[in-house]
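Please read the structure below before turning to the comments.
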Amino acid sequence: MEEQSSLKEKVKTAIQEVYDPEIPVNIYELGLIYEISIYPVNNVYVLMTLTSPNCPSAEEIPSEVEAKIKEIKEVNEVKIELTFDPPYSQEMMSEAAKLELGFL
């Protein structure tokens, strides 16, 4: 279990390096990551959304998330799933993101 939580932290850190090109805040702080699961043999599953279904970066962001996670040497396989349920809203942002974007 400790190994899984350590790997989950590494995955979270990797995801925090991915930014929406239109917003100067990483996608984790924006609230675009709904779930990070670590399965046996270090397979990583990420359930995420985008700020809108018509996001111009709809292809790049999930691919970049996958690439960043694959850079972690302990990771075996990575599966990224996009969902729009529940739809994204600004309430999903962290306090830091809201502060950075002037919502607080």
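Quick notes on this one:
- Scanning residues 5 or more positions from residue 78 or on other chains, those with amide H under 5 Å from its amide H are 44, with H placed 1.01 Å from N in the peptide plane.
- Calculated mean residue ellipticity at 222 nm for the chain: -9500 deg cm²/dmol, from DSSP H runs with n ≥ 4 weighted as -39500 (n - 2.57), summed, divided by the residue count and rounded to 500.
- Shape of segment 16-104, Cα gyration tensor, a/c cut at 1.5: prolate
- The label-point distance for residue 4 and residue 34, in a model that sets each label 7 Å from Cα toward Cβ, rounds to 2.1 nm.
- Counting only DSSP beta bridges with both residues in the chain, the antiparallel share comes to about 60 percent.
- Computed over the chain: relative contact order in percent, which uses C-alpha pairs under 8 Å that are six or more apart: 30 percent
Here, each number is a calculation from the coordinates, and none is a lab measurement. Note that the coordinates shown come from a computational prediction; the quantities given were computed from them, not determined experimentally. Using ideal geometry, Cβ is built from the backbone for each residue, glycine included, and neighbour counts are taken over all protein chains shown.
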